[in-house]
């Protein structure tokens, strides 16, 4: 069972996530968010892969993380 401040793709708790914001700016395609540490990992937009085409490239954002949940 994951902690209540961590949201990961595929986790049952994360299915209720409606929006993730870092410093008030919405972030699309989030795969990991930690509201306590202030870290968000998301796929790049537009979607990109490495030069070999094997791995998806992500970006790490740091700041004040807010997660909005659906009711």
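Among 46-56, 17-27, 31-41, the peptide with the highest mean count of other Cβ atoms within 10 Å heads the list, and the full ranking is 31-41, 17-27, 46-56.
Residue 43 versus residue 56, label points 7 Å from Cα toward the beta carbon: distance in nm? Reported label-point gap for residue 43 and residue 56 is 0.3 nm. Pairwise alpha-carbon distances in the chain exceed 22 Å for 22% of all pairs.
Every read-out reported here was derived from the displayed coordinates using simple, explicitly stated rules and does not represent laboratory data. This is a predicted model, so every value here is computed, not measured. Counting neighbours? That spans all protein chains shown, and the Cβs are built from the backbone with ideal geometry, glycine included.
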